[in-house]
Amino acid sequence: GDGSYSGGLGLDLPFEATAERNSYRVSLINLDRAVRAVQDLEDGVKLDVLNSVRDLRVAAEDLRIQAVSIDVARRQLEAAQALFRLDRGEIRDLTEAQDDLINAQNSFINSLVDYRVTQLELQRDLGVLEVDATGLFEETDLLAPAP
């Protein structure tokens, strides 16, 4: 029963893995760059949306101010007409009040156009502006409180 046995064991240890280590580090650096690029893009989109919403709110406030200006100009015109009827006013005051009312109305229309353009641009950029087959679009009120 004396037997002769033999066995072998092969061991390949990576004593020189510099190339693999460098490749791994380059991959980690590229991953970090990609993550930062996505975060920068996300931050840019958020900033653009916030700026657009701010612009829309500014346009809405300007529209409100122009509406108040029309009311003030109407009252001034009514006062000028009343003074003119009582022979206490001059025709110049009356025509200036009429011009002021027309200018206030024109400013209101300009503000209304600016508001609508800003509103539609924001809806377009957010992807909520729906256009049907006839070319008409369905509005979304972006400043309305959420239900």
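Only the coordinates and a few stated rules stand behind these numbers; no lab work does. Quick caveat: nothing in here was measured; it's all calculated off a predicted structure. So basically every Cβ, Gly included, is an ideal-geometry build from the backbone, and we count neighbours across all protein chains shown.
Assuming charge only on the beta carbon of Lys and Arg (+1) and of Asp and Glu (-1), the dipole of the range 1-137 about its Cα centre is about 340 debye to the nearest 20. Relative to the longest principal axis of the Cα atoms of the chain, the long axis of helix 91-126 lies at roughly 20 degrees. The GluC sites (Glu not before Pro) of the range 23-94 that meet both conditions, a loop assignment by DSSP and at most 12 other Cβ atoms within 10 Å of the site Cβ, are GLU90. Fraction of C-alpha pairs exceeding 17 angstrom in the range 1-122: 76 percent, rounded to a whole number.
Note on the chain: with a GNM built from Cα contacts shorter than 10 Å, the maximum mean-square fluctuation among VAL58, VAL38, VAL128 falls on VAL38. Where does the charge balance sit around GLU42 when Lys and Arg score +1, Asp and Glu -1, over other residues with C-beta under 14 Å from its C-beta? Net of charged neighbours comes to -1.
Averaging the Cα positions of each part gives two centres, and for the range 9-47 and the range 61-87 these lie 69 Å apart.
Between 0 and 90 degrees, the angle of helix 18-85 with respect to the longest Cα principal axis of the chain falls at about 10 degrees.
Between PHE137, GLY89, GLY7, the Cα set farthest toward the positive side of the dipole of the chain (charges on each charged residue's Cβ, about the Cα centre) is that of GLY89.
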